[in-house]
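Bear in mind these aren't lab numbers, they're just calculated from the coordinates by the rules spelled out. All values derive from a computational prediction rather than experimental measurement. Note that each Cβ is placed from the backbone with ideal geometry, even for glycine, and that neighbours are counted across all protein chains shown.
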Amino acid sequence: MTIAAPRFWSERNHPAARLLSPFGALYGAIAARRMRHEAPVAGIPLIVIGGLTAGGDGKTPLALAIAARLIALGARPAFSTRGYGRAGSGAPFLVDLSRCRPRQAGDEARLLARLAPTFVGADRRAAAEMAKRLGADVLVLDDGFHSRRLAADLALLAIDSQYGAGNGRCLPAGPLRAPLAAQIAAADALVSIGDGAAAALPDGDKPRFLARLAPCPSAAQRLAGARVFAFAGIARPEKFRRTLQEMGAEVVGTRWFGDHHWFTARDLRALRRDAEHLGAALVTTEKDAARLADPEDIDVLPARLEFADPASLDALLSRVSRRD
């Protein structure tokens with residue numbers, strides 16, 4: 001589940017949060033019970049990536065960064081994802097970027113497929129079998145932490161260090177996908193992304209890796225000092241605005257859409273008109289660009305996750321990828 005974050009999710013005692021708290025407690029109890037279920041073991045080493053909240057923690061950038069480090073270590077990773085927001089269902093399939101339209105796979109799957117073979121579908125066991133047959137020696141799930149469809153050899157939990165657990169309540173009273181304690185207990189290690197105070201969340205003595213999302217240097221250089229009109233359909237778009245400003249871009253206008261929004265021709269005409277009126281260049285995120293049919297006149301800001309201690313992370317990943 002990934003939905004737009006209402007403002008009251010940051011305020012524990014907001015009237016709306018208190019009103020919805022019984023529903024949040026029920027949702028949290030069900031989610032915690034599901035996370036305790038025994039899951040079948042895949043026939044391939046499995047790394048599961050989770051996000052602490054309903055969106056914006058950095059789960060997909062973390063999955064990409066983990067796969068990139070696995071490749072550098074000599075492994076042959078593949079991705080498995082449900083394909084949030086895609087059209088259709090059925091058996092898992094391998095994403096072919098040359099033939100697969102954006103709606104067939106979903107935006108996250110298209111990003112993942114640029115780096116490693118990516119299988120889209122809800123049947124994780126079938127995806128694992130397909131990945132192994134095609135030569136993968138480790139499978140990375142970018143959205144399987146809470147569903148427990150397969151048992152993880154390594155479960156990593158992404159935490160936005162500025163947003164943290166929000167108001168600490170579960171959906172719909174707050175942003176948590178499951179109670180904080182249950183999520184930390186299910187994780188083998190935590191990855192705090194950013195340098196915010198929420199990095200001090202309790203970790204249950206689990207290993208913690210610090211990371212930051214850094215914009216692509218060439219894109220940052222190109223946009224520094226430029227007048228830009230930013231648009232995005234992501235869970236917490238203000239992070240995108242802040243990144244642009246920290247790079248030195250002059251953000252003269254913004255328009256935010258719902259998370260995973262599929263941009264229509266009408267949307268793009270309006271965006272281009274607004275940007276032209278302000279004498280600005282349109283700019284969006286790499287994830288949003290994956291949902292654009294024609295992004296040629298739109299600047300895209302790629303970003304990559306950088307770890308403070310990559311050697312320690314590599315040692316952990318090596319142990320998992322070499323599982324018999």
Sorting 260, 14, 37 on the 10 Å Cβ count, fewest up front, what's the list? 37, 14, 260
In µm²/s, what is D for the stretch 217-301 at 37 °C and 0.692 mPa s, where D = kT/(6 pi eta Rh) by Stokes-Einstein and Rh is the Kirkwood radius from Cα pairs? 259 µm²/s
Relative contact order of the chain, please, whole-number percent, based on alpha carbon pairs below 8 angstrom and at least 6 residues apart. 23 percent
In the chain, which helices (entire DSSP H runs) extend 24 Å or more along their own long axis, judged by Cα positions, while averaging at least -1.0 on the Kyte-Doolittle scale? 15-35
Principal axes of the chain: Cα extent on each, largest first, Å: 59, 49, 40
Listing 59, 132 from the residue with the fewest other Cβ atoms within 10 Å to the one with the most, what is the order? 132, 59
Putting +1 on Lys and Arg Cβ atoms and -1 on Asp and Glu Cβ atoms, find which of 28, 176, 154 reaches farthest to the positive end of the dipole of the chain. 28
For the chain, with the dipole built from +1 on Lys and Arg beta-carbon atoms and -1 on Asp and Glu ones, taken about the Cα centre, which of 130, 55, 244 lies farthest toward the positive end? 130
Rg/Rg_globular for the stretch 97-162, with Rg_globular taken as 2.2 N^0.38 Å and Rg from C-alpha atoms: 1.21
If you wrap a convex hull around the Cα atoms of the stretch 119-266, how much volume per residue is inside, in Å³? 182 Å³
By average C-beta atoms within 10 angstrom, highest first, the peptides 60-68, 160-168: 60-68, 160-168
So how far apart, in nm, are the two label points at residue 273 and residue 123 if each is 7 Å from Cα heading toward Cβ? 4.7 nm
So for each of 135-141, 247-253 I average, over its residues, the number of other beta carbons within 10 Å; can you give me the resulting order with the highest mean first? 135-141, 247-253
In whole percent, what relative contact order does the stretch 87-200 give with Cα contacts below 8 Å and a gap of six or more residues? 20 percent
